[in-house]
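Reviewing the structure listed below.
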Amino acid sequence: MFDVIIAGCGPTGAMLAAELRLHNVRVLVLEQETEPVSFVRIVGLHIRSIELMAMRGLLERIAERARRRPAGGFFAAINKPVPEGLDSAHAYLLGIPQPVIVHLLEEHAIELGAQVRRGCAVAGFEQDDQGVTIELADGEKLRSRYLVGCDGARSSVRKLLGVGFPGEPSRTETLMGEMKVVAPPEEIAAKVAQISQTHRPFWLRPFGEGVYSVVVPAAGVTDRSEPPTLEDFKQQLHSIAGTDFGVHSPRWLSRFGDATRLAEHYRVQRVLLAGDAAHIHPPLGGQGLNLGVQDAFNLGWKLAAQIHGWAPETLLDTYQTERRPVAEDVLDNTRAQMQLSSPEPGPQAVRRLLTELMDFNEVNRLLIEKITAINIRYDFGAGPDLLGRRLRDIDVKHGHLYDLLHRGRGLLLDRTERLSVGGWSDRVDYLADPTAALDFPCVLLRPDGHVAWIGNDQQDLDDHLARWFGNPTN
C-alpha cells in the first residue's frame, strides 16, 4: 500500500515525488519507458523554476550542468534586452539538456526515498473511498491512497479518468532539432536575418563546435508519432532558404504543433493530473517544463497534508483553483506568440507594433514576467499586493531566505520578534529577524514560497495558520 502512485517520471513526476518525500509520504513512480530519454534537447529553466530549485537546495547541482543565459528575448522570439527591474535574485535562464534535468530530479527524488519502476504502464484503475487500485499493463495490481497522472500530453490516466481535454488541434507544425552545419557562420546569420522577416518560426542558432539549433516550418500537419528525418529538414530548408546549409549529424530531431488543450478538471476524487497531462500548448517561450514543475510544487505539500490528516477541508481543492488559471494564461500567451509568428500581413503588422512597444521597459518587463512566471498572484483575499505572490530570495539573518525552505515547510518571518507559530511548529518554521530586507512587519510563507499572510497580530496570524496548515497539535 502506497500513499501516492505517480504515473510518469518526467520532470513533473520526479519533482512531485521529491516534494512528497520531504513529508515522508510513501511514493511509487511508474515510468512506461524502460530507459531514460536519450536525445539531447536543450530546455530552459525560467526564473520562477530557478527560484524553486534554490528553495529545495537543488540550484547549485543543476547550475553545474547548465548554461546561464540572459532573461530576455523570450516572448515570440522578439529580440529585446533583459528588462530593468525584474524582482528576483535569480533573474536569468538556465539552459540544460533535457536528459540531464530529468536525471537530476529523479536522482533527487530517489535520494529522498521515492521508488521508481521503469517499464510499467498504467492500463486501468478503480477508485473508492479509501484509495485507488491500479492495474498495470502486465496485469499486476497495486494499491494507493492517491494516483497522480504526470504521464504527458497523451496521458493514459486522464483518458481512463474520462476528463475532457478541450482546445484546438494542431493547424501548423514546426521541425526542431540540433545538428552540425557546414555553412560559414556569417552566411548562416545573414540568411536567417533575411528569411526570419517573412517566415516564423525560423532560426539556426549556434551551440558551439559547429552544432546549431534548427527550427523551420514543416510542410504540413503529419502524424506526430512518426519522428522527422534529416531529409525532412533539408527539404524544408531548401524550400524556404534555397539551401540546406550542409546540415548533417543530428543529435536529435522532433516536430511540434500548435495544439492547445486544457483539462476540464485537475482532480476527480483521489486521482489528480499535473504537467502535460493537464495542459499542452506550443513551446514558444519555453514554458512547458516550467509549468509542470511549478504544478508539482503547488500540489506536493497539499497532497502530503491530506495524507497526514492535517489539511484543512478545502486545501487540496486549491491545487486546481490556483494552477488551472495559470495554465489558462500560458495557453493564451502561447496562442498570441503563434499568431505573431505567422507570415501573414496582419500578424506581421501586430508584431512590428509590439516590437516598438517593447522598447518601453514596462511592456518588456510585463511580458518577461509573464513568461518566467514571477508575476503570478494567487487569490488569497484582500490585502497588500504582495499577498498571494511569491517572495523573492531576500537577505535574512545568517544567509538567504530560500535556504530556510529546503525542508518544504511553511515559514513565519517575524521582524517584530513578538509572534509565534505555537501549535503549528511541526509544520511551520520560525525566524525572528528585525533586519530582514522586508517592507512588512511579518509574513507567513507557504511551502511553495507564496505569501499566505501579512501583518503583526497574533490572533490574525493564528487564523491564517489554521487556514493553510490545519488545526494546531497542542
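Being of a type in the set (Lys, Arg), open to solvent by 10 Å² or more (accessible area, probe 1.4 Å), within 30 Å of the chain's Cα centre (by Cα) and within 20 Å of residue 47 (Cβ to Cβ) is a property that residue 389 has. Restricted to the stretch 1-94, the set of helices (runs of 4 or more DSSP H) holding at least 2 residues that are under 20 Å from residue 364 (Cα atoms) and open to solvent by less than 50 Å² (accessible area, probe 1.4 Å) comprises 47-55.
Yes/no matrix, rows are residues, columns are (1) within 25 Å of residue 279 (Cα to Cα); (2) under 19 Å from the mean Cα position of the chain (by Cα); (3) open to solvent by 50 Å² or more (accessible area, probe 1.4 Å):
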{"residue": "341", "(1), (2), (3)": "yes, no, no"}
{"residue": "345", "(1), (2), (3)": "no, no, yes"}
{"residue": "355", "(1), (2), (3)": "no, no, no"}
{"residue": "378", "(1), (2), (3)": "yes, yes, no"}
{"residue": "385", "(1), (2), (3)": "no, no, yes"}
{"residue": "397", "(1), (2), (3)": "no, no, yes"}
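In the stretch 432-440, is there at least one residue being within 17 Å of residue 54 (Cβ to Cβ), at pLDDT 95 or above and not in a loop (DSSP other than H, G, I, E, B)? There is no residue in the stretch 432-440 that is within 17 Å of residue 54 (Cβ to Cβ), at pLDDT 95 or above and not in a loop (DSSP other than H, G, I, E, B). Tell me whether the stretch 98-116 contains one or more residues that are open to solvent by 60 Å² or more (accessible area, probe 1.4 Å), under 27 Å from the mean Cα position of the chain (by Cα) and among the aliphatic types (A, V, I, L, M). Yes: the stretch 98-116 contains one or more residues that are open to solvent by 60 Å² or more (accessible area, probe 1.4 Å), under 27 Å from the mean Cα position of the chain (by Cα) and among the aliphatic types (A, V, I, L, M).
The residues on offer are 141, 80, and the sole one that is of a type in the set (Lys, Arg), on the phi < 0 side of the Ramachandran plot and touching a Gly at 6+ places or on another chain (Cβ under 7 Å) is 80. Within 24 Å of the chain's Cα centre (by Cα), farther than 16 Å from residue 269 by Cβ and either of a type in the set (A, V, I, L, M) or at pLDDT 95 or above (or both): does that describe residue 161? In short, no. Residue count for the stretch 282-330 satisfying the condition of being in contact with a strand residue (DSSP E or B) (Cβ under 6 Å, 6 or more places away or on another chain) and open to solvent by less than 10 Å² (accessible area, probe 1.4 Å): 1. Taking the stretch 150-250 as the region of interest, the strands (runs of 3 or more DSSP E) fully inside it that hold 3 or more residues being open to solvent by less than 50 Å² (accessible area, probe 1.4 Å) are 173-180, 211-217.
Hey, does the stretch 240-252 have a residue that's under 27 Å from residue 57 (Cβ atoms) and free of Cβ contacts under 8 Å to residues at least 60 places away in the same chain?
Initially, the stretch 240-252 is screened for residues under 27 Å from residue 57 (Cβ atoms), giving none.
Scanning the stretch 240-252, I find no residue that is under 27 Å from residue 57 (Cβ atoms) and free of Cβ contacts under 8 Å to residues at least 60 places away in the same chain, so the answer is no.
Across the stretch 428-467, the number of residues qualifying as open to solvent by 10 Å² or more (accessible area, probe 1.4 Å), of a type in the set (A, V, I, L, M, F, W, C) and farther than 21 Å from residue 89 by Cα comes to 3. If the condition is being open to solvent by 20 Å² or more (accessible area, probe 1.4 Å) and over 13 Å from residue 4 (Cβ atoms), then the stretch 129-149 contributes 129, 130, 133, 135, 137, 138, 139, 140, 141.
One line per residue, one yes/no per condition, for (1) open to solvent by less than 70 Å² (accessible area, probe 1.4 Å); (2) under 16 Å from residue 86 (Cα atoms); (3) of a type in the set (A, V, I, L, M, F, W, C):
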position: 337; (1), (2), (3): yes, no, no
position: 359; (1), (2), (3): no, yes, no
position: 363; (1), (2), (3): yes, yes, yes
position: 367; (1), (2), (3): yes, yes, yes
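Within the stretch 375-422, how many residues turn out to be at negative phi and either assigned to a loop (DSSP other than H, G, I, E, B) or acidic (Asp, Glu) (or both)? Spell out the reasoning first.
Our first condition is that a residue be at negative phi; within the stretch 375-422, this holds for 375-380, 382, 384-387, 389-397, 400-407, 409-416, 418-421.
Applying the additional criterion that residues be either assigned to a loop (DSSP other than H, G, I, E, B) or acidic (Asp, Glu) (or both) yields 375-376, 378-380, 382, 384-387, 391-395, 397, 403, 406-407, 409, 414-416, 418-421.
Total meeting the criteria: 27.
Among the residues of the stretch 285-330, those that are in a loop (DSSP other than H, G, I, E, B) and closer than 28 Å to residue 76 by Cα comprise 285, 286, 287. When the stretch 104-156 is limited to residues that are of a type in the set (Val, Ile, Thr) and touching a residue at least 60 places away in the same chain (Cβ under 8 Å), the one that is farthest from residue 23 (Cα to Cα) turns out to be 122.
The values are calculated or read from the model by the stated rules, or taken from the named source; none is laboratory data. Source: prediction; values computed, not measured. All Cβ positions, glycine included, derive from the backbone under ideal geometry; neighbour counts span all protein chains shown. Surface accessibility is based on the protein's heavy atoms, side chains included, excluding ligands, DNA and RNA. Shrake-Rupley method; radii C 1.70, N 1.55, O 1.52, S 1.80 Å.
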